[in-house]
Every structure is written in structure tokens, then in C-alpha cells.
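These notes are about the structure you will find just below.
Read the figures in this text as sums done on the coordinates, not as results from a lab. Note that this is a predicted model, so its numbers are computed, not measured. Using ideal geometry, Cβ is built from the backbone for each residue, glycine included, and neighbour counts are taken over all protein chains shown.
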Amino acid sequence: MTSTQRIELPDGVRTNGADPNPWWANSVVYQIYPRSFQDTNGDGIGDLKGITSRLDYLARLGVDVIWLSPVYKSPQDDNGYDIADYRQIDPMFGTMDDMDELLATAHRLGMKVVMDLVVNHTSDEHPWFQASRDANDPHADWYWWRPAKPGHEPGTPGAEPNHWGSYFGGSAWQYDAKRGEYYLHQFSKKQPDLNWENPEVRHAVYDMMNWWMDRGIDGFRMDVITLISKHLGPNGEMEDGEIGPEGYSNVYWFCEDGPRLDEFLQEMHREVFDGREGYLTVGEGTGIDGGPRDEFITDPRNRELDMLFVFTHLDIDHGEGGKWTPKPMRLTDLKRTMAAQQNAVASHGWASIFLDNHDQPRVVSRWGDTTTDELRVKSAKALALLAHLHRGTPYIYQGEELGMTNAGFTRLDQYRDLESINMYHQRVDEAKVESAEDMMAGLAAQSRDNARTPMQWDSTPYAGFTAADAPAKPWIEVNPNHTTINAEDEVADPDSVFAFYQRLIELRHTNPIVAAGDWKLLDPDDEQVYDFLRSLPEENPEERRSLLVIVNCGSTSAHIPHDAAELIHGAVDASRIVLSTTDPDMAAASLLLGKLSPWEGIVYQL
Ligand code: TEU
Ligand code: CA
């Protein structure tokens, strides 16, 4: 099935309030991090030709849409999330011809292509920013410029306009000697925030988006799009917040979900998407909890975005010092946050479902069990089943379908990510809020580089990411476990994590309950078994068609909890096992005995 086909739903069934059965309800998206996917010219960095050469693998997996992390011209301070020219491909990744070929090949194989859109900020090397450094240039007001704090010499320590700290460490303000003022950067100092209050900025962005849509791409994943409207005082004041132990206040309180966000997103919709069809928009919902704002932004009647990435479920293992002081996850916290996300968009709007991306550690290392390879495979399948059976559009991050694990780095010089390196220095050397040992443990658990090691294609020295005799080594170390975890082996193995993902995707393509059924959490208090019900109404309410989903999220066996047991009530029919991580006979036996084996996950038709 290709992504433009829609499955037939029973009469009267709606996937959400306004648009009956949008095509993405039974689609699966695959995220590619281009620099770590496939190198073809031996420079140790993945490229567009590499992606094109692997599209048959993705077609075989069965995904409908691929999302490319940024491939635009960039000095690569933040691996391409710092864009210097939105209309050029970075030479490191290839050429515009390579991009066109990728698009054409993907479309031929029935897959859509969504590009990353990074417009909260540009690179400081973007011509708009360079022009803005001159206070008399027409671009003077395209960024957030502020003078030094009154009574301070500009550019001297402590003269920043306020105490806001950047996400990537240090002040969120950078002094520019040419302009004699400071500019705001929520992320690195090479990522100045664009001033969305300025209509010229907005229209320049919409022009660029239309240019890409007209080239044939199928939509955008919008980087930190919920940070574009800032909360300003009546006279443009930027209020400082409480100062934390590292010496900074939180810039995001001032930038998250600002007062003009809906207006900007609706304007973007009018200017770019109205009149187009078959596209997809997904916004990174930084600061939007699963709640009324999620519903509002994704409700098609409001003409903003198709869906958001909400992060509340990925914060549950962050400790007192945030992500760098991780704590064990509690399954009841996962249920609570997921339920809030699911319920927020139950009648209007739509959810995206994800456990991994390029900013997160690998979920099998994070919440699964990697102590043995057997448990790794079992837990990777269980977590996949858990995610993909929710209501919403699932996203797979490259390598997740193989059960790829965290990087296992033990030295700071193995890390490449500026966030990891900057935050180490800020927390260990400068603010001294954490010991070197603790911070290294925090990085090992939470660093973004865990997701960025090269894709593991085969067991050759550089995992097939780049040739074994390539002139340059991979830009970041390959995980040594590629000798046992790799695509070549898994594609050939019917019991692999890869094969299980194929079945999950197939199920979403063909089963209307998976695509459109409503979602109801069962047994909210159970700390080991995650179970829920998906249902489509029939005319006669007694004939509701339902799928019961039960997943043992632990490495010991577990009793089937109360609510699920009541629904099964003793009568088990093996032919109604729709999908399971164990073989169907074993799954049926588990249901009958009321006891699941370690990481056993079952979808059972009621
Ligand atoms: O990330 C946005 C974001 O909110 C980050 O703080 C993210 O949660 C962080 O990386 C986790 O510590 C987006 C992109 O996904 C990320 O790769 C970029 O670095 C960032 O925006 C700036 O463009
Ligand atoms: Ca390359």
C-alpha cells in the first residue's frame, strides 16, 4: 500500500473531528539523520546519495513517509540545525540534483518526503543575520537585538541584557561588537533567534517554504516551532526569571507558546498550505503539554498543524538537575503522560507517537533491557508494539527498527554534540553543580550522541556506513555492537526486531481499529504491565470491535492485571491473536494462564 491510499473505514467512523480519515492516520514516518545514515564518498559523513541508495530498504520496511533532518547549507555548529541558506544543499550532503533524485526515487517507491524546517533561528552566517548586524540595514529588525544592561559597559562580563541561559549552556545573549548590541539565541550562539514579530521575516519564511513545496516535497517537520512567538511586556520588555544554580534563568519560559503563536501558524497555513493536498506538517511542540493547547493547534478546523511532537513522556526519567541527572522511569508515569497526550486529541486533532529521535537516547537502552541480546530483542519488540498500537501517527527513528542501543561512550572526547560538551563544562568546570563522574554517567544515559552513531548496516569495520577502506573515519564512532546488531542480519531473520516492525507497519496499514479506533487506558496503577483498549464503534454498541493491547514492560514474568483479565474472562481463542512478540500459541497460553513472559506483548481481538 502506498501512502496516498486510504483504508476503508466503516460508515460514520471519523479519525478526528473535522477531516474524515486523513491519510496519515494509517501511515508510519521514518526519520533519517543524514550525517549518520549512509556515506557514499568516503568522507565519513552520510550524504543524500547514500539515502537514495537505501530507499529500497525503507520500502521493504514499509514506511510511508521519510523525514530528513536538515541537509541545507550550514556551518554545522549544531549538525545542520543552524542554516546559512535555506535554498541550497550543503556540499557535505551533495547537490540539489542529488536532492531531486532522492525525491523522485522515494516517490517512485510510494514514499513521501518531509523536510526539516528550522525557522525559529538561522545560522549567524546566514546573509539575513550578517545584514542585521548593521543597525541601518533593512534587516536590522530581523533578529532580537537588545542593548547592554544599563550602567554596564557593552561586551563586559555581566553586561548581558538579562540572565537568560541558552539550552546549550552559557548566556542566551551574545555581544556583537559591530552592532554594539546583544542578540538573543535560545540555542548556540551561532543560532540567533529570528524576530517573528516582523512581517518581513514571516513572509521570507513562507516564500522559502512555498519554494520547497513547489519543488515537490511533501511537508515539513518544524523545529521548535512553538518557540517563535515571545512573551513581551507592554513596551517590549523581556522579563528575567528566577536564577538557578548554574547562574541562569530559563529562557524558555519567555519563548514557549507565546501570545501570537496561533496567529503565526494560521498565517503560515494560509500562505503555504491552503489549496495543497497530500502533505504533512508536524511541529516540535517544545513546551506544549498533552492538553488543550495540543488539541487546539492540531484541530484541523483551526488550520494550524496536522500534529505535534509532545515531550511530556520523555521527561519522566529526568531527575532534579534535569536530563543530566536521570532517575529510573516509573511505568505509571509513562501511562499518565501518554494518557494525557492521547486524551487531549481524542475528539479533535491528532497525535504523533515516538520514543526515539535524534535528540534522545535509544529507547531500548533507556527503558528496555540490554543486559543480554535476547532481552534486548524482546524489549525492543515490546516497546515498539506499545508505541505503535497507540492512536496517532508513529515515527521510527533510524536504527530503532534494528533495536540499536546507546553509544556506550566513556570519554568526553568521544562526544561530538555541542550540547553534551558545553553542558559538561558548564556543570562540571564552571558552576560545579555535578562531579565529572556523575556528568559522564548523565551523558552516557542521556546525550543526544547516543542516537547519532552511524546506522548499522552490516558487520564490516564501519558497519557498512562507510567503506572499511574509506579515506576518512566516520565523524562519530560506530557502536562496536554492529557485529551482532545490523540490518543485513535482521532483514534475513524472520524473528528479528526489523521483521517485527514490518508487521507493525503492515497492521497499521490494514487494520481500521489500529488506524482509527479510540484509545482507553486500562489498569493505570500497574507498575509492570501497560494495557489499553482500542475500539471502533458499531451501530449496536454491544458490537464494538476492540483490540486489547497488553505489554509486559519488565524482564520478569507478570500477571495480567485486573481490567485486562476481566475483558479476556477466561475464554481465549488463539486465532484472535492479531500480533504478539512471542509466537501466537505461547501468547494464547499466556492469556489463558493470566501470566505474561518477560517483555511479552500481545494484541488480542475482543
Ligand atoms: O530541539 C529542540 C529542543 O527543544 C531541544 O532542547 C531538545 O529537546 C534538546 O536537543 C534535548 O536536549 C531541536 C532539534 O531537534 C535539535 O536537534 C536542535 O539542536 C534544536 O532544536 C535547535 O535547532
Ligand atoms: Ca559523504
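If r is the Cβ-Cβ distance from R60 to N235 and R0 is 45 Å, what FRET efficiency results, to the nearest 0.05?
Values: r = 59 Å, r/R0 = 1.30.
Computed FRET efficiency for R60 and N235: 0.15.
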| request: Please find the FRET efficiency linking D141 to D315, where r is the Cβ-Cβ separation and R0 is fixed at 45 Å, and quote it to the nearest 0.05. | output: 0.80
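Can you sort T298, T156 from fewest to most other Cβ atoms within 10 Å of each residue's own Cβ? Please list the in-between numbers first.
On the way: T298 28, T156 11.
Neighbour counts put them in this order, fewest first: T156, T298.
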| Residues with amide H under 5 Å from that of G283, placed H, sequence gap 5 or more | M222, M307, L308, F309
| request: Round to the nearest 10 and give me the degree value, 0 to 90, for the angle of helix 96-108's Cα axis relative to the longest principal axis of the chain. | output: 20
| field | Virtual spin-label span in nm between L109 and N198, 7 Å along Cα→Cβ | value | 4.1
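Show that you can apply the helix-only estimate: for the chain, add -39,500 (n - 2.57) for every DSSP H stretch of four or more residues, divide by all residues, and state [θ] at 222 nm to the nearest 500.
Details: 18 runs with 161 residues, N = 606.
Value at 222 nm, helices only: -7500 deg cm²/dmol.
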| query | Along the range 480-496, what does the Karplus equation 6.51 cos²θ - 1.76 cosθ + 1.60 (θ = phi - 60°) give for ³J(HN,Hα), rounded to whole Hz, x for Gly and Pro? | reply | x, 6, 5, 5, 10, 10, 7, 5, 4, 5, 6, 5, 7, 10, x, 9, 6
| query | Hey, rough spin-label estimate for A346 and T372, points 7 angstrom out along Cα→Cβ, what's it come to in nanometres? | reply | 4.1
| Partners for K149 among lysines (Cα-Cα distance below 23 Å; same-chain residues under 8 apart left out) | K178, K189, K190, K230
| said: Helix 436-446 against the longest principal axis of the chain: what's the angle in degrees, Cα atoms only, rounded to the nearest 10? | reply: 60
| said: Please list, in order, the residues from the range 57-88 whose amide nitrogen is less than 20 Å from a point placed 7 Å along the Cα→Cβ vector of V491. | reply: 57-67
| query | Residue separation times 0.36 nm, minus the C-alpha to C-alpha distance between W253 and L606: what's the value? | reply | 122.5 nm
| said: What do you get for the angle between helix 373-388 and the principal long axis of the chain? Use alpha-carbon atoms, 0 to 90 degrees, nearest ten. | reply: 80
| Rounded Å value of the spacing that divides the Cα centres of the range 71-106 and the range 465-492 | 23
| field | Reachable lysines from K520, criterion Cα separation under 24 angstrom, eight or more residues apart if same chain | value | K335, K381, K595
| task | Would you tally the net charge around V224, using a Cβ to Cβ cut-off of less than 10 Å, leaving V224 out, and scoring K and R as +1, D and E as -1? | result | -4
